[in-house]
Amino acid sequence: MTEVTTSTDARIQEAARMLSTGHGKTEIAKQFGISRQALYALMRKPEFKAAYEILQTEAGDCVKRAASILAEEAPEAARRLIELSRSTDKPGVAFKCLEAILERAGVQPEDSGHRTRAQFNIHIENFQAASNEELDKFLLERLNPILDVAPIKRR
């Protein structure tokens, strides 16, 4: 009797894991060799609901941790992109670096939404001529509402 319960518990856990990671119900039913109706019956069990809820909570916690890590690294990434744009002798690389920063900072071209190299070149020239303090201020003003960014620490 214990072996059947353990097997059923394992199936419930695996079905909950598959559902929580985006597998379709038809796919899950095929994986277990059962009908969709049998899968729905399994999903109504309190054990399934509890397992699924735990997995959803853990997934939410993982997403929050990842967002926190990304937010912490955003100022450093922006600083490195600016440094790269200043140190490269390839205009295309500088353009792409600064375009990425401006886009994430919410700087939009003034026309119908199409970004043109000329429009970004104005911003790029301003970035390249700006001091580190001016860049920090700009980035904090633009990125802080989006990412809740702490001040950039210089090395």
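The values are calculated or read from the model by the stated rules, or taken from the named source; none is laboratory data. All values derive from a computational prediction rather than experimental measurement. Using ideal geometry, Cβ is built from the backbone for each residue, glycine included, and neighbour counts are taken over all protein chains shown.
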Which condition number does Q37 fail, the rest of (1) surrounded by 12 or more Cβ atoms within 10 Å (Cβ to Cβ); (2) assigned to a helix (DSSP H, G or I) being met?
(1)
Here's a check for you: in the stretch 78-107, which residue that is among the small types (G, A, S), within 22 Å of the chain's Cα centre (by Cα) and in a helix (DSSP H, G or I) is surrounded by the fewest Cβ atoms within 10 Å (Cβ to Cβ)?
A100
Filter result for D111 (over 17 Å from the mean Cα position of the chain (by Cα) and modelled with pLDDT under 75)
yes
